[in-house]
Every structure is written in C-alpha cells, then in structure tokens.
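Single-structure report; data block below.
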Amino acid sequence: MAENTRRERLLVIAHARSGDKGDMVNVGVIARSEAAYPFLKKVLTAERVKAHFGELVGGQVERFDMDNIGALNFLLHGSLGGGGTVDLRTDAQGKTYAAAMLRMELDIPESLLD
Amino acid sequence: MKDYIRIGAAQGFWGDRPDAPVDLARHGDCDYLILDYLAEVTMSILQRQRQRNPDLGYATDFPKVAGSLAPCLKEGLKIITNAGGINPIGCARAVLAELAKEGLEGVKVGVVYGDDILDQLPGLIASGEELQNMETGEPLEGVLKRVVSANVYFGAAPIVDVLNGGAQIVVTGRCTDTGLALAPMAHAFGWPLDDYRLAASGTVAGHLLECGAQASGGNFSADWESVPDLARIGYPIAEAYPDGTFVMTKPAGLGGMVTQAVIKEQIVYELGDPRNYISPDCVIDFTSIRLSDDGEDRVRVSGVRGGDPTAFYKVSMAYKAGWRTSGTLTYTWPDALKKARKAREILEARIAHLDLKLDDVVFEYLGVNACHGSLVTIPDEASINEVVFRVAVHSMERKSVERFGYELAPLILDGPPSVTGFAGGRPKPKEVIAYWPALMRKTAASPVTDILEN
C-alpha cells in the first residue's frame, strides 16, 4: 500500500550549500535524517533538478552520490554567464542557488516529516 | 608531550574579520594559524598594484595581522599564509619590519615563490604547453595579449621544506589553500608526502578549513538561528593526529558551533566529482570520509582515502574581458514593481535610441526575485512596498559603458514617481577581469624557497 504523502518544500528534509566553479555552480544537498536520504536519491534526479532551475541553468546537470554523508552533489553547468567575475547578476557566484534548490516542492512521505 | 597539533583557520578570504586571528590564537590553543587571502581574481589586482609600485603586490593586511600576533609568536605560534600574492619576498620583508616594531627579533620567515609565470608564458607556449582553457577547451592564443596574471598552484611540499628549515612564519604566493593545512601536519609528524593516504587526510582538513567560519557555524543553511554568538564566532580548528585522523572543533570561549551538519555543508562546498578531488599533492576520494561525534563542538574525521597525484599543476590566469557598470534605484508603493518594470522599458528604449554597443544587460528587482528568477511566484504584486531596481551592463567598448552610466539618474526626473536612492554619482566603467584555468606539466615549473630573518 502506498504511503501517505504531503506536499512540502525540499527545505523540510534537506539542507544545502552552493558555490561557483568557473561557469558552473555546485549545489550539495544534505539529508536532514538518515531516513530521508534514500528518498532524496530516488526523487532528486538530475533531470528534475535541471527542470526546477529553469533559466538559471544553461547547460546540463550532473549528480554525484555521497552515501557516506547522506548527500547528493549537483553540478549545474553553464550557470554563471562565463564565470563569477564576469556574470552581471547580484548573485554572480551562485551563492543562493542552494536556497533556490530547497524551494523545490515534493510529495514527501509523512514518515519523513514527523 | 602531546601527540597532536591544532591548526586554526584565521582568515577565509581577503576581507574577513581583521581581529579573528588574534581571537583564534588567544582562545583556540593553536600551534599553527593558516590564513587564506587569495581568491582567483585577487592575483590580477595584485599584479596591477605591483606595476604601480614594485614593493607591493601582496595582501597588505597580513603584516599588520602578523604584528598583532607578536605575543603569540613569542610563545611559539607558527603562521602559514598565501598573503604573498605575486610578491612574497616583499610581503616577508614587510612582516619582518612589522615584527621589529613589536620588538620581536630573530623570527625566521620562510618564503615560497616561483608560481608567477606571467613573464614566462611565451616561452612555455613555445616549449609545447598549450594552456588551453580546461573548462571550454579554447586555445590561449585568443586572449594571450590580454592576460594580466598567471600563477601555478603549488602544493604542500615547498611549505614543508621551509618549515623543516626552521621557519616560524611562511609566506607563499599561489599555493593551494589545502596545502597550507597539509604542510604543518607533514612537518610536525614527519609524514612523507608520497604517503597519499596521509596527504589525502591533510588535504581534506585543508578543504574544511579554507573558508574560515563556514566550518564553525557561519553561512549554515540547516539551522542558522541556533548558531550561538555570530558576532564573536570562533573560527574553526583542525586537531590533527599522526595517523591522519583529525577532529574539527573551535575555541570553547567563542561563538559558533561544530556539528556533523556544519561539517557536511563545508565538505560539499565548491565540490566537483567527489571521487576525484584533485590537488597538486594527491587525488582524494571524498566518498571515503567518515564523520563521528567526539564531544561538544567536536567532529572526528577519519577513513580518508587518496591516490597518486596527477602529472599536472593547475594554472590560474586572469585576462581583461571588457568593461561593466551597474547601478540601482529604489521604487516604493504604490505599484513599486510596475514602476521598476517601466524603468527597465525606458532604459531598453534608451539603449536602442543611443545605439549603445552592449553585449549583456541584466535587469533585476531586488526584494522580489533578483536571485531566484522564475522560481519565485509573486502572489500579490500590489502589496509590495519597495523594490530596488538594479541594472548592470557589459561591453568590450569602454565608451558604451561610460555613456550608459549617464542614463540612470535622469530616470528620477524623467520616469515613474516615488523613486529614490540614487547617490554616489554616475555608475563608472570598471574593467572586467575573467578567469582562465589551465593545466601545465609539473616539470615546467618549480617552486623556489627562501628563509629571511631580521
């Protein structure tokens, strides 16, 4: 039987940090609990993350799994208009991309929300 | 005798809190302080400073910081920093002069240089180093004439050499941030640098320390409101053991906190492929890192695996890439966002009317969606009280950017009402410096070391 879910933001079950690497932003998403990590691995596909960021990510998205710390590292290619010193935006280094990631709405199993 | 050393990270970048080093030395029971001053763009700024004055070209904050640490130096504290920029000898001399003012004589300052290859670029290219952009694959020829700085990232080895030679302070040029932390471990414990498991552990410690208080509760996304006393945050310390394990901690008497969640956030910071973290000293598998609790504000790090380094040094170059400027205006209720959008429309029409050669123009509504763009839904536009309208432009031509700078202030008299916040004069053109990362065979450059003494 399927478990009941609730629509919530990723923020509720994960935290994150982002930074720049050339024209790329990396976003490390960390599960707040051990139980949440397998769920994140299932739902946070590279395709879903690419779709979530829309115009903020120009290139492809790569995902690397870090089972040792319950984290997923995403590389968002082509996100900084040529790099952190060239990009004209206020967030030229992608520092707030972590928070942007945590905005994502998901159907989260209730057992992970208690 | 204690079997560990404590390494404190006293500056995460040039611009970090100036009193942090003294706080950390006094409260942290540190054997070593490491201070990182160099960001990618910093080297180009320092090159220009040295062009104007050959005595400059280093992080001028550091000699004063060293002076403020004189009492701790008397007690045996050692300091390792990349504050030397493109003039490590000049920096070391300034440090010795500052220490002399504090009545401290006989301090040995180790210097590491040889990383500045700007003048050697034509020769290196002639000898077969392509120095193509490692992100885009583009050849260097297209920008070579505009390159303003070029530096090799050296690792821990030359720092270990000068520490073994008796240096109490080490001033380097462009060394890796991680090398600043690995070097004191290799020196204190006699690690051979070709033991890549140990080198990997020290490098992970360096990665965790390199952004200062980001490893002790600063910029903490999981639960920022629970972090104690951010006004006196204690910068992080790695308590390192001879077997390669270390404990991340912080001074007990200061603010901040060290938990597994805090350390995990710094593990992923600016991380690429976690199984393939490349430093000049070794290649590290970040999926091997094990964390465990070790008491209050103490997280033990173990299990780190690493392998042979690559045959290449990373080279960081900076080159001139045109001109930019930016400015803001503040619109208030009623219809704050609508007015800001109108300001954008007017500026777009002005750019077209004046036929300005701008290759990039960015409009932002700060307070609404400047950072997260279309991810933001605006539920009730009429309730928005204020919007900071920001515009930024780029051109390869200075004069187009300069002319655009005349267009913002007139909006106050010529545009929508309830606008304010224009101060500080017309936005002026600033030269854009872009970054060019490349790889170079390790055989093509060698670090040079020296020890100065007053």
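A few notes on this one:
- Selection within the range A:87-98: residues that are assigned to a loop (DSSP other than H, G, I, E, B) and more than 8 Å from chain B (Cβ to nearest Cβ). The member of this set that is surrounded by the most Cβ atoms within 10 Å (Cβ to Cβ) is A:Gly94.
- Within the range B:195-285, strands (runs of 3 or more DSSP E) holding 3 or more residues that are within 24 Å of A:Arg63 (Cβ to Cβ): B:283-285
- Condition broken by B:Val162, with the remaining ones in (1) in a helix (DSSP H, G or I); (2) surrounded by fewer than 15 Cβ atoms within 10 Å (Cβ to Cβ) satisfied: (2)
- Qualifying residue in the range B:264-276 (condition: more than 14 Å from chain A (Cβ to nearest Cβ) and surrounded by 16 or more Cβ atoms within 10 Å (Cβ to Cβ)): no
One line per residue, one yes/no per condition, for (1) touching a residue at least 40 places away in the same chain (Cβ under 8 Å); (2) more than 25 Å from B:His207 (Cβ to Cβ); (3) in the same structural domain as B:Gly166 (by TED's automatic domain parsing):
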site: B:Asp16; (1), (2), (3): yes, no, yes
site: B:Gly28; (1), (2), (3): yes, no, yes
site: B:Ala39; (1), (2), (3): no, no, yes
site: B:Gln47; (1), (2), (3): yes, yes, yes
site: B:Pro54; (1), (2), (3): no, yes, yes
site: B:Glu75; (1), (2), (3): no, yes, yes
site: B:Val95; (1), (2), (3): yes, yes, yes
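- Residue list for the range A:70-86, filter: facing chain B (nearest Cβ under 9 Å), assigned to a loop (DSSP other than H, G, I, E, B) and surrounded by 22 or more Cβ atoms within 10 Å (Cβ to Cβ): A:Gly70, A:Gly83, A:Gly84
- Residue list for the range B:27-46, filter: at pLDDT below 95 and out of contact with any Lys or Arg (no Cβ under 7 Å at 6 or more places or on another chain): B:Ala39, B:Glu40, B:Val41, B:Thr42, B:Ser44, B:Ile45, B:Leu46
- In the range B:64-84, the residue that is nearest to the chain's Cα centre (by Cα) out of those that are small (Gly, Ala, Ser) and part of a loop (DSSP other than H, G, I, E, B) is B:Ala83.
Table: residues versus (1) at pLDDT below 95; (2) among the small types (Gly, Ala, Ser); (3) more than 30 Å from B:Lys145 (Cβ to Cβ).
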site	(1), (2), (3)
B:Cys91	no, no, no
B:Val95	no, no, yes
B:Val107	no, no, yes
B:Gly110	no, yes, yes
B:Tyr113	no, no, no
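- Condition met for B:Ala423 (of a type in the set (A, V, I, L, M, F, W, C), farther than 25 Å from B:Ile125 by Cα and at pLDDT below 95): yes
- Top-ranked residue in the range B:131-144 [being in contact (Cβ under 8 Å) with a residue 40 or more places away in the chain and assigned to a loop (DSSP other than H, G, I, E, B); ranked as farthest from the other protein chains (Cβ to nearest Cβ)]: B:Leu131
- Among the residues making up the range B:438-454, those that are modelled with pLDDT of 95 or more, in a strand (DSSP E or B) and of a type outside the set (S, T, N, Q) are B:Ala438, B:Leu439, B:Met440, B:Arg441, B:Val448, B:Asp450, B:Ile451, B:Leu452.
- Single residue of the range B:415-425 satisfying the filter (out of contact with any strand residue (DSSP E or B) (no Cβ under 8 Å at 6 or more places or on another chain) and touching a residue at least 60 places away in the same chain (Cβ under 8 Å)) that is nearest to B:Thr136 (Cα to Cα): B:Gly415
- Residue within the range B:172-192 that is at pLDDT 95 or above, part of a helix (DSSP H, G or I), of a type outside the set (S, T, N, Q) and farther than 24 Å from B:Ala66 by Cβ present: yes
- If you go through the range B:341-362 and keep only what is touching a residue at least 60 places away in the same chain (Cβ under 8 Å) and under 20 Å from A:Leu88 (Cβ atoms), you end up with B:Ala343, B:Ile346, B:Leu347.
- All of A:Glu3, A:Glu47, A:Glu55, A:Glu62 fail the test of being in a strand (DSSP E or B) and not aromatic (Phe, Trp, Tyr), apart from A:Glu62.
- Yes/no for B:Val283 being within 34 Å of the chain's Cα centre (by Cα) and within 14 Å of another protein chain (Cβ to nearest Cβ): no
- Identity of the residue in the range A:14-41, farther than 15 Å from A:Leu56 by Cα, charged (D, E, K, R) and assigned to a loop (DSSP other than H, G, I, E, B), that ends up farthest from the other protein chains (Cβ to nearest Cβ): A:Glu34
- From the options B:Ala444, B:Ala438, residue that is touching a residue at least 12 places away in the same chain (Cβ under 8 Å), more than 14 Å from every other protein chain (Cβ to nearest Cβ) and more than 27 Å from B:Arg350 (Cα to Cα): B:Ala444
The values are calculated or read from the model by the stated rules, or taken from the named source; none is laboratory data. Computed from a prediction, not measured in an experiment: that's the story for all the values here. Counting neighbours? That spans all protein chains shown, and the Cβs are built from the backbone with ideal geometry, glycine included.
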